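Visitor: Before I ask anything, here is the structure I am working with.
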Amino acid sequence: MDKDLQSIQETRELLRQAKQAQRTLAGMSQEQLDKITAAIAAAAGEHARRLADMAVEETGFGKKEDKELKNRFAATTLYEAIRDEKTHGILAENREKRTIDIGVPVGIVAGLVPSTNPTSTVIYKSMICMKAGNPIIFSPHPSAVNCILETVNVVRRAAEGAGAPAGSISCITTPTLEATNALMRHDDTRLILATGGGAMVKAAYSSGTPAIGVGAGNGPAYIHHTADVRLAVKRILDSKTFDNGTICASEQSIICDDDMVPAVKAEMERQGAYFLDDEEREKLGRFILRANGTMNPEIVGRSVKTIANLAGLEKVPATARVLVAKETGVGRGHPYSNEKLGPILAFYTAENYEKVCEKVCEILHY
């Protein structure tokens with residue numbers, strides 16, 4: 001059977017099962033839904049390291065210890081944050097305004113999962129959907145399908161063991177673009193939770209189904225003259241190097257006033273930043289983007305050493321934590337102004353606070 005046809009048929013069957021599960025979930029009490037959510041959190045915490053190992057081994061992205069932390073953050077910190085929230089039945093009543101807020105399930109949710117954060121994404125989307133009584137069908141990124149399927153199995157078994165009906169949590173096993181589109185556009189799909197690249201998020205927003213999307217990030221960090229430079233640099237580098245830069249919310253550039261450059265650069269170098277010379281900057285700049293202007297997947301989640309070897313940078317020391325390139329412009333022709341899901345930072349300077357703000361706005365709009 002044709003792969004696309006097979007995947008579409010599988011998706012339709014998952015939707016049928018999810019619709020049956022939806023009826024049961026809709027009749028559950030808050031206590032029952034909370035019990036299911038707690039079971040998912042416990043199981044995800046128990047398997048956090050194993051799933052992290054699988055993710056790194058399959059995708060080659062990031063660090064096992066950081067992937068484990070992300071899994072535990074989803075399983076424990078997120079759970080603690082939502083544990084006592086009420087999602088079902090009467091949530092609030094305002095007698096003066098004569099209004100009542102009532103929580104009801106939205107229906108079947110499509111969960112799109114990226115390759116950069118595959119296991120933690122499944123954990124938290126499963127928990128928030130079960131907390132509110134919504135079945136979820138995952139569409140996995142093809143390069144992370146095995147670790148995603150295993151995570152789905154872990155949370156599904158835990159949920160069903162706590163009383164969730166079969167079909168509450170499921171996953172497309174043969175991911176194709178056609179299957180994902182069929183899932184997003186189906187009449188029974190009521191909401192899309194889309195995490196991934198810009199094209200995928202745009203497709204979710206264009207599907208005709210309500211969608212919440214998290215796509216590319218390109219956050220600049222301004223180190224003001226009043227800042228504790230040592231601490232600011234530490235936090236930026238810790239953020240940018242966590243899981244080898246696979247989190248889209250991590251900093252993509254540092255910017256400071258011209259008169260702050262000596263102090264900021266010296267502190268960055270002291271903490272493991274390697275500033276590229278002009279030749280290295282040009283060489284890496286040609287490598288981090290593909291011909292069509294999109295990010296080269298070979299830099300995603302890789303270590304400094306791996307990126308340096310792939311780009312032919314021979315002088316990068318083994319102690320380097322992050323590669324830094326001086327940048328002046330923003331947009332096409334300025335590769336370091338893009339999102340870079342690896343330990344690579346752009347370094348901007350400007351004459352004063354007003355000029356810095358203008359540059360920051362330019363980066364964010366791009």
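Visitor: Viscosity 1.002 mPa s, temperature 20 °C: what is the translational diffusion coefficient of segment 1-47 from Stokes-Einstein with a Kirkwood Rh over Cα pairs, rounded to a whole number of µm²/s?
Guide: On the way: Rh = 13.1 Å.
Diffusion coefficient, whole number: 164 µm²/s.
Visitor: Another question, if that's okay. According to the Kirkwood expression over distinct Cα-Cα pairs, how big is the hydrodynamic radius of segment 327-366, in Å? If you can, show how the numbers build up before the last one.
Guide: Working: mean 1/r = 0.0934 Å⁻¹.
It is 10.7 Å.
Visitor: How large are Rg and Dmax for segment 224-351 when only the alpha carbon atoms are used, in Å?
Guide: Answer for segment 224-351, Rg first and Dmax second: 13.6, 41 Å.
Visitor: Starting from the Cα of Thr319, step 7 Å along the direction of its Cβ; do the same at Ile90; then give the gap between the two resulting points in nm.
Guide: 6.6 nm
Visitor: Now, a different point. Read phi for every residue in segment 343-349 and hand back ³J(HN,Hα) as whole Hz from Karplus 6.51 cos²θ - 1.76 cosθ + 1.60, θ = phi - 60°, with x for Gly and Pro.
Guide: My calculation for segment 343-349 gives x, 10, 10, 8, 10, 10, 9 Hz in order.
Visitor: Ordering Val316, Val233 from largest to smallest accessible area (1.4 angstrom probe), what's the sequence? Can you show the working numbers first?
Guide: Details: Val316 30, Val233 0 Å².
In descending accessible area the options line up as Val316, Val233.
Visitor: Quick one: of Lys202/Lys359; Lys3/Lys125; Lys131/Lys234; Lys86/Lys340; Lys131/Lys340, which pairs are farther than 32 Å apart, Cα to Cα? Spell out each step's value before the answer.
Guide: Numbers: Lys202/Lys359 26 Å; Lys3/Lys125 27 Å; Lys131/Lys234 37 Å; Lys86/Lys340 39 Å; Lys131/Lys340 34 Å.
Cα-Cα > 32 Å for Lys131/Lys234; Lys86/Lys340; Lys131/Lys340; rest within.
Visitor: To continue, here is another question. In Å, what Kirkwood hydrodynamic radius results for the chain from the alpha-carbon pair distances?
Guide: Value: 22.1 Å, from the Cα pair sum.
Visitor: Check which residues have an amide H placed less than 5 Å from Ile344's amide H, if you skip close sequence neighbours.
Guide: Leu323
Visitor: So if I place +1 on the C-beta of Lys and Arg and -1 on the C-beta of Asp and Glu, and nothing else carries charge, what would the dipole magnitude of segment 88-240 be about its Cα centre? I want it in debye, nearest 20.
Guide: Values: 14 positive and 10 negative charges, 74 e Å.
For this selection, approximately 360 debye.
Visitor: Looking at the chain, identify the longest residue range that excludes and avoids all trypsin sites (Lys or Arg not before Pro) in DSSP loops having at most 15 other Cβ atoms within 10 Å. Intermediate values should be presented prior to the final figure.
Guide: Values: sites that count: Arg83, Lys86, Arg95, Lys97, Arg98, Arg290, Lys315, Arg332.
It runs 99-289.
Visitor: Now, a different point. Any idea of Thr77's accessible area? Nearest 10 Å², probe 1.4 Å.
Guide: Here the residue's solvent-accessible area equals roughly 70 Å².
Visitor: Okay, next question. Label points 7 Å out from Cα along the Cβ direction at Asn292 and Ala81: separation in nm?
Guide: Label at Asn292, label at Ala81, 3.3 nm between them.
Visitor: Something else about it: If each residue of separation counts as 0.36 nm, what is the full-extension length gain between Glu31 and Val104 once their alpha-carbon separation is subtracted? Please list the in-between numbers first.
Guide: On the way: separation 73, 0.36 × 73 = 26.28 nm, distance 1.46 nm.
Result: 24.8 nm gained on full extension.
Visitor: Could you work out the percent of alpha carbon pairs in segment 105-253 separated by over 24 Å, rounded to a whole number? Walk me through the numbers on the way to the answer.
Guide: Details: 4299 of 11026 pairs.
It works out to 39 percent of all Cα pairs.
Visitor: Roughly what percent of Cα-Cα pairs across segment 65-126 reach past 20 Å? Please list the in-between numbers first.
Guide: On the way: 931 of 1891 pairs.
Counting every Cα pair in segment 65-126, those more than 20 Å apart make up 49 percent.
Visitor: Restricted to Cα positions, what overall size does segment 58-172 have along the principal axes? Three whole-Å values, descending.
Guide: Between the extreme Cα coordinates on each principal axis of segment 58-172 lie 57, 28, 23 Å.
Visitor: Here's another thing I want to ask about it. What are the radius of gyration and Dmax of segment 4-92, computed over its Cα atoms and given in Å?
Guide: 17.2, 47
Visitor: Using the Karplus curve 6.51 cos²θ - 1.76 cosθ + 1.60 with θ = phi - 60°, what ³J(HN,Hα) values do you get for each residue of segment 38-54, in whole Hz, with x for Gly and Pro?
Guide: 5, 5, 5, 4, 5, 5, 5, x, 5, 9, 4, 6, 4, 5, 5, 4, 4
The values are calculated or read from the model by the stated rules, or taken from the named source; none is laboratory data. Keep in mind the model is a prediction, meaning the values are calculated, not measured. Ideal geometry is used to build each Cβ from the backbone, glycine not excepted, and the neighbour counts take in all protein chains shown. Each accessible area value is taken on the protein alone, full model and side chains, heavy atoms only, with ligands, DNA and RNA left out. Shrake-Rupley method; radii C 1.70, N 1.55, O 1.52, S 1.80 Å.
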